[in-house]
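Right, one structure below, let's go through it.
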Amino acid sequence: MEYLHYIYEFISNPILDVLMGLAGLILVSGIFLLYQMALAKAFCAKMTDIEVFGFKYSRNSAGKWEYRGHRVKLAFSGVSAIDIENHPEIDGDKMIQKDKSHMLATSLLTTITGLGISAGCIIRSFTIYYAFPASVVFLTGFWVLLFTVGRLILVLSTMTKIYSKNSLGSYQMRAISLLRSGVPYEKLDLKSVRELNLKKVWETERKMYFPVYFQYIDACGFYDRMPEAVDDVERILNAAAVSKADIGVYMNLIYYYSYHRPTPSAAKEYYHRIINDVEKDTDPNTMRIRGFYELNCFGDPVKARELSMKALEGLDTVSIPVEREYERKCIAKLNNAIDNFNHV
């Protein structure tokens, strides 16, 4: 009884609880990332971003990993995407199914592994003589169990929401599927979030849909729709926390405030929120957006021309023909703006 009393005291210690809670979070997130990476190729996917204790690395257009800065984060995480370049035969429906299967397999294997570790730790804790190590092992098992079950519930609920027929995430995925199958922007007939009139829309869904919808209205010349789309997404942005979904939003907002509605102060604010990602990204769309930014926010046509040339040189790296044609037209707009700027 005295032994159990000591274990209870250690388990009730808030400092030990916090420390072992962090250990459980790190362990479960690391297991999930390892399975995500190991299974990516089997599901025709590739890792595009990895974060290790807040140190972020992204794969550039050449396939090489680049350091993208650091933020406070005590866990592991990664982002994967279907490898279109090596699997051009995958159509939209297969792409969605592969992505779902990859996340489901990763989650199930993480759950099995986590439950095994948890059971082993909890059983083992009752065979350790000394109270302190017994408490450490017991709490490790407890927190691993909690984070394993919690992560599984989160993944399943997120997948259910995104892939349901009446969600913004599903609507966005279908739009991307059509683009990758060769349907031009002009034929998509996309609606704003307000027009879709969905019962519930998650903030992450809004952020992921914004770049697709914004490029659609830009490609089609529906410039009168831009203020509404921008206002809708700006209301949910948080400068203190920048996720993968936020980066796509910020890139298009920099473009909007550097070209469609030149507002240097707004463009500079958004630029500096993702400065590490922007300045290390060599993709054509980033070069093109930076060109507008240098031209209209700093009045530097020479730098803008340099970035325009880099964007044009890398145009062939854009694997989706519809997006490649969109970028070509945007680069032409940039060159025209540079020419007119020089004649002012």
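The values are calculated or read from the model by the stated rules, or taken from the named source; none is laboratory data. This is a predicted model, so every value here is computed, not measured. When we count neighbours, we look across all protein chains shown, and the Cβ atoms used for this are built from the backbone with ideal geometry, even at glycine. Ligands, DNA and RNA are stripped out before the accessible areas are found, and what is left, the full protein with its side chains, is counted by its heavy atoms. Shrake-Rupley method; radii C 1.70, N 1.55, O 1.52, S 1.80 Å.
Below, the figures for the structure above:
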| read-out | value |
| --- | --- |
| Linear extension gain, Tyr130 paired with Phe222, 0.36 nm per residue minus alpha-carbon span | 26.1 nm |
| Cα extents of the range 151-286 along the three principal axes, largest first (Å) | 40, 37, 28 |
| Dipole magnitude of the range 249-318 about its Cα centre (Cβ charges: Lys, Arg +1; Asp, Glu -1), debye to nearest 20 | 220 debye |
| Candidate values [x] 45, 22, 19; [y] 28, 27, 25; [z] 31, 27, 17, label of the one derived for semi-axes √(5λ) of the Cα gyration tensor in Å | [x] |
| Three-way shape call for the range 285-344 based on the alpha-carbon gyration tensor, with the a/c threshold at 1.5 | prolate |
| Ordering of 220-233, 131-144, 32-45 by burial proxy (mean other Cβ atoms within 10 Å per residue, highest first) | 131-144, 32-45, 220-233 |
| Against the rule of thumb 2.2 N^0.38 Å, how large the Cα Rg of the range 32-131 comes out | 1.39 |
| Computed accessible area, Met47, all protein chains, 1.4 angstrom probe, square angstrom | 10 Å² |
| Electrostatic dipole magnitude of the range 223-344 [Cβ: Lys, Arg +1; Asp, Glu -1; Cα centre; debye, to 20] | 160 debye |
| Cβ-based charge dipole, the range 86-154, positive-most Cα from Leu108, Ala134, Ile122 | Ala134 |
| Of Lys98, Lys64, Lys46, the one that fluctuates the most in a GNM where the chain has Cα springs shorter than 10 Å | Lys64 |
| Distance (nanometres) between label positions extended 7 Å along Cα→Cβ at Ala105 and Phe298 | 4.5 nm |
| Alpha-carbon centroids, the range 270-344 and the range 167-223: separation in whole Å | 23 Å |
| Theoretical ellipticity at 222 nm over the chain - DSSP helices of four or more residues, -39500 (n - 2.57) apiece, nearest 500 | -21500 deg cm²/dmol |
| Whether the range 74-229 is rounded, prolate or oblate, judged on the alpha carbon gyration tensor where a/c under 1.5 counts as rounded | prolate |
| Equivalent ellipsoid, the range 203-344 (semi-axes from 5 times Cα gyration tensor eigenvalues, Å) | 22, 17, 15 |
| Long-range Cα-Cα pairs in the range 126-180 (distance over 19 Å), rounded percent | 56 percent |
| Added length on full extension, which subtracts the Cα-Cα distance from 0.36 nm per residue, Asp339 to Glu269 | 22.5 nm |
| Computed label-point distance, nm, for sites Asp316 and Val183 using a 7 Å Cα→Cβ extension | 3.0 nm |
| The chain, relative contact order in percent, only Cα pairs under 8 angstrom and at least six apart counted | 13 percent |
| Trypsin sites (Lys or Arg not before Pro) within the range 108-185, DSSP loop, no more than 14 other Cβ atoms inside 10 Å | Lys165 |
| Unit charges at the beta carbon, dipole of the chain: most positive-side option, Pro321, Asn238, Thr282 | Pro321 |
| Gyration tensor (alpha-carbon) shape descriptor, the range 223-280, a/c threshold 1.5 | oblate |
